[in-house]
Amino acid sequence: MRTTFQATAIATAIAATLLLGAGAASASVNLITFEEAGLVAMPNAQGSGVSAGAQLHDQFLATLGASFSSGANYVAVVDHGFPLLTPTPPNIIGGTNANGALDYSAVIRVAFYDPTNTGNQATTDHVKVLGDLFGAGGGSVTMNAFDRFGGFLGSVTDLDNKPLGQGPVLELNIAGIQSVTFSGTSGTVGFDNFEFNTVRPTGAAVPEPAAWALMIAGFGLTGAALRRRRTPVTA
């Protein structure tokens, strides 16, 4: 009986540890700098048409699970023109209008899907994007997060009035983010360095506080088992 108790306790502790370890290992950070191979930047000309090579839509869908869109169902990859004024030079991204032209006032949307089955939604718990480093002297930038049903999760806003060489930072850490939108009010801000934690298919098991409770209980049972084992048995 005692042997069974000890084995069960140890197995419980090991299972909980493995569960938490798997969750931590899967939460790696992905960074898209828009300098990746295959992307061709267009000149920084507001209102110009976006060439096919500069259209960013699903190039990262099958690898990272991120799909970009704007008014024309794609965003524009743009050569900023001032490399020292971008977080990772020289490219940034800008929104597009319904006519397919570069429009920095247009909202950019990024949605997350399962890279192994891109028809299925996925979620993340961390998203961050940087504005370019050329402050407009006014205006603001905002990022909104939504869940897989389109429900609003939260938002963050930063000002676009920082000194030359500094730019706005938008970051959200919320469980269940299936999509984000971001844009600026000045109509001049480009974005760079889109960062997010590895996505999880919707419905996938995610370690939660209950897993911590399971681990603690398991180690508690293990300790109790070891104490019982050391207790001398009197006749």
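FYI, it's all coordinate maths here, none of it is from the lab. These figures come from a predicted structure and were not determined experimentally. Positions of Cβ are generated from backbone atoms using ideal geometry, with glycine treated the same way; all protein chains shown enter the neighbour counts.
The stretch between Thr185 and Phe152, if pulled fully straight at 0.36 nm per residue, gains 9.9 nm over its current Cα-Cα span. Around the Cα centre of region 29-197, unit charges on the Cβ atoms of Lys, Arg, Asp and Glu (plus for the first two, minus for the last two) sum to a dipole of about 200 debye. Each of Phe191, Phe182 has some number of other Cβ atoms within 10 Å of its Cβ, and from fewest to most they run Phe182, Phe191. Taken as Cα centroids, region 51-90 and region 93-161 sit 12 Å apart, rounded to the nearest whole angstrom.
Potential lengthening of the chain between Val29 and Ser105 amounts to 24.6 nm, from the contour at 0.36 nm per residue minus the alpha-carbon distance. Between Leu84 and Val169, the modelled labels are 2.2 nm apart [label points 7 Å from Cα along Cα→Cβ]. Residue separation of Ala98 and Leu159 scaled by 0.36 nm, minus their Cα-Cα distance, works out to 19.3 nm of gained length.
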